[in-house]
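Undergrad: One structure follows; several queries about it will come next.
Only the coordinates and a few stated rules stand behind these numbers; no lab work does. Computed from a predicted model, the values in this text were never measured in an experiment. Neighbour counts run over all protein chains shown; Cβ positions are idealised from the backbone, glycine included.
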Amino acid sequence: MEHLLTSDEAARHAALLKDLDRWRAEPARWDRAGRLPEPVVRWCRSERLLGAALPTELGGGGWDPLRMGLLYEATGRVSASLASLVNVHHMAAQVVLRWGTEEQHRTVLPRLADGSLLAAIAMTEPQAGSDLSGIETSLEQRGDRLLLTGTKVFITFGQQADVFLVFAQREGRSVACLVDSGQPGLTVTPMDEPLGLRAAALGRLEFRACEISPSAVVGRDGFGLAALAPVALEHGRHAVAWMAVGMLHEVFTAAAEHVLDRRAFGRPLVEHGQVQSLITRMGTDLEAARHLCLAASRALDSGANDEILVAKYFACRVLEEHSAQAVQLLASKGVLESTVTARAYRDAKVLNILEGTVQILERTLAPRLANAARRSV
């Protein structure tokens, strides 16, 4: 990775990787527990990682998209769940930063910046995943009260977040609002034993006439899916792409060490033709994913987003392919629950669904790429 960075960028990345070494032996235990331990969350808070992308005047770190990308790459090397903690918090924070009221900027953003308030995004519903237009959660005005009713599922860190950015419908128009986890009328229950992201404390949120303040609404009615969700998803896709690169780095390292050390039929595995093909494709796809993510970070800085979609599509797709190949290559060593390869194999499938499935991204990218090709002739 460092060969693609400036000396300052490489030094910061190396320092972050060194700091993260303290957690490298822990992810299997986190997965078994189904959540990140509080000391890990406190460490993220003390290291100012939860507000790293927010402006310094609000108490954040002022990190640019590339520095944030390298943060996701580094945390992805350790645990996709750990990287997801930072990701979902920043997704919510970026929406409040972009569309929040002056009061929300004054009262909520500083607490998101210092991590004293842990945020999560509540979009997905039993009948609304890739098609967010199917959201049925409603925000209704009853006299002088605003009441939220509906169900959200597969909410990353739903069990540990202090506040949720909830997407709903009000009088046929999409809207988003901030809801405290302890708000009367909200019940949070665990969603146990997911395939991947097992330490991401997935939660099911049930809103039953949950009263919220009018000051908790973010943006204007009709802005929920048209403006707020795209901001969250853009930052989320950028993060997930970089997470996938970090995970693929670990998978490739494990596979490379195995084929160099293991002998079969009288010679090292790396000298066998089929193994050479697997390792070559894995290594070149890792390098390509790094370049695409660097382009995505530059695009996020400039306001373009096709590069972000391409990076997310490619990085997550090759991670899923190569984590499966690494499990096959390492054989009995690769299938143990506690290994990097087994964890990446499970988590890769989830990353290929998060923030836009392969099919949704192909539906979006195909006409754009085709039209771009025609314009370039």
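Undergrad: Pick from ARG45, ARG208, ARG290: which is most flexible by mean-square fluctuation in a GNM of the chain where alpha carbon atoms under 10 Å apart are linked?
TA: Maximum fluctuation in the GNM of the chain, among the listed residues, is at ARG208.
Undergrad: What percent do you get for the relative contact order of region 225-371 when only Cα pairs under 8 Å and 6+ apart count?
TA: Computed value for region 225-371: 30 percent relative contact order.
Undergrad: Using a 10 angstrom cutoff on alpha carbons, build the Gaussian network for the chain and name the most mobile of ALA326, ALA299, ALA120.
TA: Among ALA326, ALA299, ALA120, the largest mean-square fluctuation in the Gaussian network model of the chain belongs to ALA299.
Undergrad: Which value, in debye to the nearest 20, gives the size of the charge dipole of the chain about its Cα centre, when Lys and Arg are +1 and Asp and Glu are -1 at the Cβ?
TA: Computed charge dipole of the chain: roughly 500 debye.
Undergrad: At a Cα cut-off below 16 Å, give the aspartates and glutamates reachable from LYS18, other chains included and same-chain residues fewer than 8 away excluded.
TA: In chain and number order, the partners are GLU2, ASP8, GLU9, GLU26, GLU47, GLU73, GLU250.
Undergrad: Additional query: Which residues does a label at SER116 reach in region 50-82, if reach means a backbone N under 18 Å from a point 7 Å past the Cα toward the Cβ?
TA: Under cut-off, by backbone N: 50-52, 54-61.
Undergrad: In whole angstrom, note down how far apart the Cα centers of region 75-120 and region 59-74 are.
TA: What the calculation gives is 13 Å, centre to centre.
Undergrad: Take every Cα pair under 8 Å in the chain that's 6+ residues apart, average their separations, divide by the length, and report that relative contact order as a whole percent.
TA: RCO, the chain: 16 percent.
Undergrad: Next question, about the same structure. Considering just Cα atoms, how many Å³ per residue does the convex hull of the chain enclose? Write out the running numbers ahead of the final one.
TA: Numbers: hull volume 54.7 nm³, N = 377.
Residue-normalised Cα hull volume stands at 145 Å³.
Undergrad: Treat every Asp and Glu Cβ in region 2-114 as -1 and every Lys and Arg Cβ as +1, leave all other atoms uncharged, and give the resulting dipole magnitude about the Cα centre to the nearest 20 debye.
TA: Dipole about the Cα centre, nearest 20: 400 debye.
Undergrad: Here's something else I'd like to know. Could you grab the relative contact order for region 95-171? Cα pairs under 8 Å, six or more apart, rounded to a whole percent.
TA: 34 percent
Undergrad: Going by average Cβ density within 10 Å per residue, which order do the peptides 56-66, 345-355, 366-376 take, highest to lowest? Mind showing how you got there, number by number?
TA: Values: 56-66: 16.5, 345-355: 22.9, 366-376: 9.7.
Ranked by mean Cβ neighbours within 10 Å, highest first: 345-355, 56-66, 366-376.
Undergrad: Run down the lysines and flag those whose C-alpha is under 18 Å from the C-alpha of LYS349, throwing out any fewer than 8 positions away in its chain.
TA: Partners within reach: LYS312.
Undergrad: Cut-off 10 angstrom, C-alpha nodes, Gaussian network model of the chain. Which of ARG204, ARG24, ARG298 fluctuates the most?
TA: Greatest mean-square fluctuation among the candidates belongs to ARG24.
Undergrad: Output the peptides 8-17, 243-252 sorted from most to least packed, where packing is the average of other Cβ atoms within 10 Å over each peptide's residues.
TA: 243-252, 8-17
Undergrad: Tell me, how many Å apart are the Cα centres for region 147-206 and for region 1-52?
TA: Comparing the Cα centres of region 147-206 and region 1-52, I get a distance of 26 Å.
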